[in-house]
Amino acid sequence: MQLSYILDKYKRQPENLIHILLEYQQSKDKSFISEDDVRFIAGEMSISESRIYSIISFYSLFSIKPRGKYIVQVCNDVPCHVNGALDIVRELENRLMIKMGETTSDEVFSLEYTSCIGCCDKAPAIRIGSETYGNLTASDISEIIAEFRRKYNESRE
Amino acid sequence: MRVGNELYESNKINDVNKMNEMNEILLERHIITAKCKKVDPWSIESYIELGGYEALKSALQMKPADIIREIKLSGLKGRGGAGFPTGVKMESVRNIDVNPKYLVCNADEGEPGNFKDRYLLENDPHQLLEGMIISAFATGVIKGFIYIRGEYDKAIAMMQCAVKQAKEKGFLGEMIQGKDFSFDVEVKSGAGAYICGEEFALIESIEGKAGRPRNKPPYPTMSGVYNKPTLLNNVETFSNVPYIISNGYAAFTEIGTKTSSGTRLVSLSGNVRNKGVYEVPFGISIKDIIFTLGGGIPDDRTIKMIQLGGASGPCIPASMLDLKLDYSDFSAEGLSMGSGAVIVIDDRFDVLEIVRLLIRFFKHESCGKCTPCREGIGQMLRLLYKFKTATATEGDLELLETLCNVMNQTSFCGLGQAAPTAVVSTLRYFREEYLKRIKINAVV
């Protein structure tokens with residue numbers, strides 16, 4: 001099982017908790033840590049469940065609710081904002097047919113805001129999974145979304 | 001549009017060189033970006049071919065105290081924002097008789113408008129590592145951490161690769177280069193928390209906990225990671241160390257001004273033609289950064305305001321363009337340089353809209369530990385909303401100023417202390433924007 005492998009890799013050390021949770025969440029289709037996961041990890045690492053929740057609730061990359069396979073994160077801090085980030089948000093909402101903070105009904109995409117992703121020189125910028133896209137115009141969005149749909153379908157075949 | 005190496009290849013540093021060689025000589029000095037674009041960041045051999053790790057070899061022949069002396073004489077100051085003299089920090093760690101000692105590189109670059117650490121991490125990871133190893137040797141540290149924000153996936157992968165390669169070549173590990181010196185580095189990932197750029201929040205996060213700041217003093221130099229003495233510096237600060245060791249402090253103090261030696265990486269963004277990272281000597285003006293290097297404002301618009309340093313930095317008007325990049329010039333104006341961001345906002349935007357966006361950022365990022373920051377930011381947003389909708393009173397203006405002061409004076413850490421900076425500076429330089437939204441004035 002994926003989780004046991006990750007726990008072994010980090011030697012079940014509490015100081016590696018953030019890495020363990022990040023890697024495990026990334027490996028899951030729905031990009032979240034469930035109650036069952038927390039219980040299991042707490043038992044394996046001999047730490048309290050609240051210790052794990054203190055991490056999950058503090059760091060914004062974690063979620064306790066199921067999300068899409070791909071998290072589309074849009075930066076709307078000042079450098080992106082003044083370069084048209086809100087146009088990108090509108091286009092993403094139209095293309096994915098969801099509002100900010102929601103997940104598509106097929107559970108492939110979730111749409112979120114993110115704090116600055118350090119791509120201010122390519123503003124406006126978004127991040128999907130570990131890929132970053134910059135210098136975006138509304139017309140780029142459909143192509144990017146199509147690329148991830150293709151990737152998703154291929155992974156299902 | 002995908003942001004990867006291929007896009008960074010065409011970074012504006014190179015474009016500007018070609019465009020304007022004359023200006024390049026005057027305005028840019030490539031010290032820590034000298035190998036960027038020439039070195040293959042995935043290859044230690046490529047770094048070594050360009051003279052990499054020579055500084056480390058020289059350092060290992062020096063006495064640790066002499067290395068610290070060089071750094072102190074160079075006048076290098078922390079590039080993360082606080083501007084504390086690096087050599088003094090190193091000396092404090094060296095002189096404490098507690099072991100083990102740790103070293104931490106703060107690569108949790110989350111300040112909106114800053115991307116220079118990302119640039120260094122992705123273009124010259126070994127230079128940073130070399131600076132860390134030299135610093136470890138000088139201070140008697142045996143274990144180091146590079147804490148990179150979780151959003152920087154590529155930088156994390158690159159640093160992990162660099163650490164592995166340095167171990168294979170004997171620049172990390174036991175008995176480095178045959179000397180009685182052992183040092184190991186671990187790459188740690190953040191998970192989305194701006195507060196972890198604060199030194200103690202970062203240390204808590206390295207220990208696998210929620211990143212909430214600790215009380216100061218004791219400072220990290222006395223009691224940091226696992227309550228042991230810890231040398232904590234920014235990516236840019238460590239990256240300067242190999243140059244100083246290779247060329248001597250005098251070569252470093254020659255660059256820049258009397259009060260600020262060396263270069264500064266400037267992250268230029270917003271409404272400007274050539275966005276990008278520029279390495280400039282201290283002493284050049286904000287005007288030169290925006291117009292000569294940055295090519296000015298697109299579509300012939302004019303500047304509404306410029307934010308310096310990032311979200312926690314001051315907003316200044318176009319009338320202050322002649323301000324020089326220098327620690328003492330900045331402090332004479334009551335400004336702090338922060339981490340070197342310059343964000344240009346053009347005349348299409350409303351000052352209060354931008355300020356509200358900035359304060360919303362802090363609302364999201366406040367860790368909630370202390371009341372002035374946690375509650376103050378919420379109250380600040382409430383007041384700003386009244387100004388935005390022109391329903392504010394004169395009392396609200398007074399309240400807003402008091403609130404800024406309380407947060408600045410009483411917040412537990414730098415986040416809450418600096419969060420009101422955009423409000424304070426716009427109240428100072430763009431006061432009419434607030435006054436015209438006070439209800440009485442609106443009615444008249």
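The values are calculated or read from the model by the stated rules, or taken from the named source; none is laboratory data. Computed from a predicted model, the values in this text were never measured in an experiment. We place every Cβ from the backbone using ideal geometry, glycine too, and count neighbours over all the protein chains shown.
Here are the numbers for the structure shown:
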| quantity | calculated |
| --- | --- |
| Single residue of B:Arg356, B:Arg382 found to be assigned to a helix (DSSP H, G or I), within 14 Å of chain A (Cβ to nearest Cβ) and either of a type in the set (Gly, Ala, Ser) or over 19 Å from B:Cys196 (Cα atoms) (or both) | B:Arg356 |
| Residue count, region A:48-70 (criterion: more than 11 Å from chain B (Cβ to nearest Cβ) and of a type in the set (Val, Ile, Thr)) | 1 |
| Hits in region B:223-255 - residues which are under 29 Å from B:Gly150 (Cβ atoms) and either surrounded by fewer than 19 Cβ atoms within 10 Å (Cβ to Cβ) or among the hydroxyl-bearing types (Ser, Thr, Tyr) (or both) | B:Ser223, B:Tyr226, B:Asn227, B:Lys228, B:Thr230, B:Thr237, B:Ser239 |
| Cross-chain or 6+ apart pairs with Cβ under 7 Å, region B:392-421 first and over 19 Å from B:Asn215 (Cβ atoms), then among the charged types (D, E, K, R) | B:Ala392/B:Lys386; B:Ala392/B:Arg437; B:Ala392/B:Lys439; B:Thr393/B:Lys439; B:Asp396/B:Lys386 |
| Residue in region A:56-63 that is on the phi < 0 side of the Ramachandran plot, in contact (Cβ under 8 Å) with a residue 40 or more places away in the chain and surrounded by fewer than 18 Cβ atoms within 10 Å (Cβ to Cβ) present | no |
| Yes/no for B:Asp350 being of a type in the set (Asp, Glu) and within 23 Å of B:Asp117 (Cβ to Cβ) | no |
| Unmet requirement for B:Tyr327, which otherwise passes all of (1) crowded, with 21+ Cβ neighbours inside 10 Å; (2) under 28 Å from B:Phe84 (Cβ atoms) | (1) |
| Residue satisfying all of: in region A:11-23; over 18 Å from A:Ser48 (Cβ atoms) and surrounded by 12 or more Cβ atoms within 10 Å (Cβ to Cβ); farthest from the chain's Cα centre (by Cα) among these | A:His19 |
| Of residues in region B:394-417 being assigned to a loop (DSSP other than H, G, I, E, B) and out of contact with any helix residue (DSSP H, G or I) (no Cβ under 6 Å at 6 or more places or on another chain), the one farthest from B:Pro220 (Cα to Cα) | B:Phe412 |
| Among (1) surrounded by 24 or more Cβ atoms within 10 Å (Cβ to Cβ); (2) within 14 Å of chain A (Cβ to nearest Cβ); (3) over 17 Å from the mean Cα position of the chain (by Cα) - the single one B:Glu207 does not satisfy | (1) |
| Single residue of region B:337-353 satisfying the filter (assigned to a loop (DSSP other than H, G, I, E, B) and not hydroxyl-bearing (Ser, Thr, Tyr)) that is farthest from the other protein chains (Cβ to nearest Cβ) | B:Met337 |
| Wholly within region A:1-100, helices (runs of 4 or more DSSP H) carrying at least 2 residues that are under 30 Å from B:Val342 (Cα atoms) | A:78-81, A:85-96 |
| So B:Gly295, is it modelled with pLDDT of 95 or more and at positive phi | yes |
| Among the residues listed as B:Phe181, B:Phe200, the single one being modelled with pLDDT of 95 or more and not in a helix (DSSP H, G or I) | B:Phe181 |
| Single unsatisfied condition, B:Phe238 versus (1) at pLDDT below 95; (2) under 15 Å from B:Val104 (Cα atoms) | (1) |
| Residue count, region B:189-204 (criterion: of a type in the set (Ser, Thr, Tyr) and either more than 9 Å from chain A (Cβ to nearest Cβ) or without any contact (Cβ under 8 Å) to a residue 12 or more places away in the chain (or both)) | 0 |
| Subset of region A:111-143 [more than 8 Å from every other protein chain (Cβ to nearest Cβ) and under 27 Å from B:Ile345 (Cβ atoms)] | A:Leu111, A:Glu112, A:Tyr113, A:Pro124, A:Ile126, A:Thr137, A:Ala138, A:Ser139, A:Ile141 |
| Members of region B:77-128 found to be of a type in the set (S, T, N, Q), outside any helix (DSSP H, G or I) and either crowded, with 24+ Cβ neighbours inside 10 Å or within 14 Å of another protein chain (Cβ to nearest Cβ) (or both), listed by number | B:Asn106, B:Asn114 |
| Residues of region B:106-119 satisfying the condition of being more than 17 Å from B:Lys188 (Cα to Cα) and among the hydrophobic types (A, V, I, L, M, F, W, C) | B:Phe115 |
| Residue identified as assigned to a helix (DSSP H, G or I), of a type outside the set (Val, Ile, Thr) and either modelled with pLDDT under 95 or over 21 Å from B:Arg79 (Cβ atoms) (or both) among B:Lys154, B:Lys209, B:Lys216 | B:Lys154 |
